[in-house]
Amino acid sequence: SLNEMVSDALCLPRRKTRSLAEVVHQKTLGIPLFVVEFLDALLTEKLLIHNLETGWGWDVDSIDLKKISSGVAALLACKLEQLPSQVLSAVKIISVLGSHVDRGVLEAVKKYDGSDGSTLIPSLYTAQREGLLDIAGPTFTFMHETIKLAAFNLIQVADRIPMMLRIVACLLPHCKQHEKETDAYLFTTVDIINIIGSQAVSKNLGQSRVFAQLNLNAGKKSTNFRTALDYFEAGISFLQGDYWNDQYELTLSLFEAAATANYSGGRHDQVAIQTNKIFSMARSFEDKFKSYCLYINVLAIGNTEKA
């Protein structure tokens, strides 16, 4: 048994190594090669420590947080098509939602296909027992990105965008609230929207506008300028038609936000492009003022050709 293997390796009684062996089995599927690699990684990362006075020591909770290897993930990914249909459907749904998903988000989308959604959460617990997911408190997490990608790829290509649009429709009501607790809904929704892409909704101006606005909201809430910039640029991509006239306030806000994020990231050439667009399209000096200040700062730094 694996516990015997771990016990022999550490020269400890099996009763003392049982908790360690259980988590090692979860992370390696009990395959000897992966077990050896995993134990070696624990030593390197000081999650398994030897002390001359107290002997071997480890923290099971800390080890449990360690990601599985890509090799184990690939084997687990191969198990997906062998899952019961309800479990596989649940794993596909969560693959659309992201690598880390809040239970509240799952509750919000569980009826996306018209069913009562009663099997979604129990099916995900089955996936956890199969080693595909980790569930800690309200958070459901794929054990490895390889598993998430494999699950997503099992969704028929023709079904992906319709499925994602239905899921987004379930999440939208939760994004209209302003409490901090709704951030999980907002970021999950916008990440799905951006996978869908602007071309898929190009004929629906109302939907495109909503998706652009949600990207603006997500960018403003993001604490990372690179991520924020991605949201702002995605928001701009959703603008349709004569947007400087038809969606003026939203368009101005997106271009200002993108220029500011580019400035924070030192991409001063992009700042110049975006602020010049604002200078040519904004309706008043007041609407151009923030961009003038930003552009003057760029010129002062001297990192554009014009400077």
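The values are calculated or read from the model by the stated rules, or taken from the named source; none is laboratory data. Predicted, not measured: the structure shown is a model, and the values here were computed from it. Here the Cβ is made from the backbone with ideal geometry for all residues, glycine too, and neighbour counts use every protein chain on show. Keep in mind that these areas ignore ligands, DNA and RNA; they rest on the heavy atoms of the full protein, side chains included. Shrake-Rupley method; radii C 1.70, N 1.55, O 1.52, S 1.80 Å.
A few notes on this one:
- Meets criteria (among the hydroxyl-bearing types (S, T, Y) and either without any contact (Cβ under 8 Å) to a residue 40 or more places away in the chain or surrounded by fewer than 19 Cβ atoms within 10 Å (Cβ to Cβ) (or both)) for T188: no
- Qualifying residues in the stretch 35-90 (those that are touching a residue at least 40 places away in the same chain (Cβ under 8 Å) and more than 20 Å from D134 (Cα to Cα)) - the one least open to solvent (accessible area, probe 1.4 Å): G55
- Among the residues of the stretch 101-132, those identified as under 24 Å from L29 (Cα atoms) and without any contact (Cβ under 8 Å) to a residue 40 or more places away in the chain are I121, P122, S123, L124, Y125, Q128, R129.
Yes/no matrix, rows are residues, columns are (1) open to solvent by less than 40 Å² (accessible area, probe 1.4 Å); (2) among the hydrophobic types (A, V, I, L, M, F, W, C):
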{"position": "N215", "(1), (2)": "yes, no"}
{"position": "D230", "(1), (2)": "no, no"}
{"position": "I236", "(1), (2)": "yes, yes"}
{"position": "G241", "(1), (2)": "no, no"}
{"position": "Y248", "(1), (2)": "yes, no"}
{"position": "L252", "(1), (2)": "yes, yes"}
{"position": "Q274", "(1), (2)": "yes, no"}
{"position": "E286", "(1), (2)": "no, no"}
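- Pair list, Cβ < 7 Å and 6+ apart or interchain, from the stretch 16-34 residues that are touching a residue at least 60 places away in the same chain (Cβ under 8 Å) to residues that are open to solvent by less than 40 Å² (accessible area, probe 1.4 Å): Q26/G131; L29/V72; L29/G131
- Selection from the stretch 246-305 of residues that are aromatic (F, W, Y) and within 32 Å of the chain's Cα centre (by Cα): Y248, F255, Y263
- Sole exception among (1) without any contact (Cβ under 8 Å) to a residue 60 or more places away in the chain; (2) surrounded by 19 or more Cβ atoms within 10 Å (Cβ to Cβ) for I93, by number: (1)
- Enumeration of residues in the stretch 269-300 that are part of a helix (DSSP H, G or I) and either closer than 18 Å to S222 by Cα or among the polar types (S, T, N, Q) (or both): Q270, Q274, T275, N276, S280, S291, N297
- Strands (runs of 3 or more DSSP E) fully within the stretch 45-103 counting 2 or more residues that are at pLDDT 80 or above, within 24 Å of M163 (Cβ to Cβ) and under 21 Å from the mean Cα position of the chain (by Cα): 100-102
Residue-wise test of (1) modelled with pLDDT of 90 or more; (2) crowded, with 19+ Cβ neighbours inside 10 Å.
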position: L171; (1), (2): yes, yes
position: I193; (1), (2): yes, yes
position: G197; (1), (2): yes, no
position: K203; (1), (2): no, no
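Yes or no, residue by residue, for (1) of a type in the set (S, T, Y); (2) surrounded by 15 or more Cβ atoms within 10 Å (Cβ to Cβ):
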position: R103; (1), (2): no, yes
position: T119; (1), (2): yes, yes
position: A127; (1), (2): no, yes
position: D134; (1), (2): no, yes
position: P138; (1), (2): no, no
position: N153; (1), (2): no, no
position: A158; (1), (2): no, no
position: P162; (1), (2): no, no
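- Flag if Y112 is under 15 Å from the mean Cα position of the chain (by Cα) and either under 28 Å from L75 (Cα atoms) or open to solvent by 30 Å² or more (accessible area, probe 1.4 Å) (or both): no
- For the stretch 1-31, a residue qualifies if it is outside any helix (DSSP H, G or I) and farther than 20 Å from K67 by Cα, and the qualifying residues are S1, C11, L12, P13.
- The residues of the stretch 151-169 include none that are assigned to a loop (DSSP other than H, G, I, E, B) and acidic (D, E).
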